[in-house]
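Following: one structure in structure tokens, then a few remarks.
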Amino acid sequence: MPSTKWTATNKQDLIIEVWEALDCESVGCCELEKIQEALHQRFGAGGQESPAAIARVVADEGAVLRHPEVLECDSKWRLQYLQGQVFEIELDFSDFDKAVTSFSAIEKAQPSGDGRLRQVVTNARQNQMLVSRSKILPRVERERAKEISDWLKVWLESPQLFSDWLDLRLRSEEFRKKFPDQK
């Protein structure tokens, strides 16, 4: 889809125009990324829109959203987009091992008072909270997301104590009973 064929003069109209050109029954990550690409081609850095914002526009126009894909796509985009503004490390809070690795990287990379880092963690927590409330994801995924959301909350409240707290949490009887598959 070359950028020269688009006639829209603003972002919302371009989102709708690209969605209509995709001629798809439902919208998920692939379609959202194509729309993001068209926005970037047409408007440059100023055309940046999150997958969730794009999904809202096309849903208002009647698109059927593949919600789990939209949520995952938006979560990954936010982490990548905000990381690029904060520091050069990969953050992933999608499971316990990746979350522990991400917290370790955060501890090494940035001072706890960095406002941009706090925003990344806040957004990651919001994404995990959304996953934990999903009606269509399996219970185990929702419980894991809720647990990781709690970890992120503790980090936001006490980043200096977080490492010690997490070590205790992972060894706690409550955690081991709730998540017996974790080492």
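Once the other residues with Cβ under 13 Å from the Cβ of D13 are scored (Lys, Arg +1; Asp, Glu -1), what is the net sum? Neighbour charge sum, excluding D13 itself: -3. Each residue of segment 7-17 was assigned a 3J(HN,Hα) from its phi angle through the Karplus expression (A = 6.51, B = -1.76, C = 1.60, θ = phi - 60°), giving 9, 4, 10, 9, 5, 4, 5, 5, 4, 5, 4 Hz with x at Gly and Pro. Computing P(r) over Cα pairs in 5 Å bins from 0, in percent for the structure here picks out one of (i) 1, 8, 15, 17, 16, 13, 11, 8, 6, 3, 1, 0, 0; (ii) 1, 8, 16, 21, 21, 17, 11, 4, 1, 0; (iii) 1, 7, 13, 14, 12, 10, 8, 7, 6, 5, 4, 3, 2, 2, 2, 1, 1, 1, 0, 0, namely (i).
What cysteines in the chain have no other cysteine with a beta carbon less than 4.7 Å from their beta carbon? If one checks each Cβ against the other cysteines of the chain, C24, C30 turn up with nothing under 4.7 Å. Couplings 3J(HN,Hα) for segment 131-146, derived from phi with the Karplus relation 6.51 cos²θ - 1.76 cosθ + 1.60 (θ = phi - 60°), are 4, 5, 9, 4, 8, 10, 7, x, 4, 4, 5, 5, 5, 5, 5, 5 Hz, where x marks Gly and Pro.
Once you keep just the Cα pairs under 8 angstrom separated by 6 or more residues, what percentage relative contact order results for the chain? Walk me through the intermediate numbers first.
Numbers: 170 pairs, mean separation 25.4, N = 183.
Computed value for the chain: 14 percent relative contact order.
Given the options S132, S75, S104, which has the most mean-square fluctuation in a GNM of the chain, springs set between C-alpha atoms less than 10 angstrom apart? Between S132, S75, S104, it is S104 that shows the largest mean-square fluctuation. Between the listed residues I136, V154, L170, the Cα displaced farthest toward the positive end of the dipole of segment 134-173, a dipole computed from Cβ unit charges relative to the Cα centre, is found at I136.
The mean sequence separation of alpha-carbon pairs under 8 Å and at least six residues apart, normalised by the residue count of segment 3-65, gives a relative contact order of 38 percent. A Cβ-based charge dipole, computed about the Cα centre of the chain with Lys and Arg at +1 and Asp and Glu at -1, lands at about 560 debye.
No lab work stands behind these numbers, since they all come straight from the coordinates. What you see is a predicted model; the values in this text were computed from it and never measured. Glycine also receives a Cβ, built like all others from the backbone with ideal geometry; neighbour counts cover every protein chain displayed.
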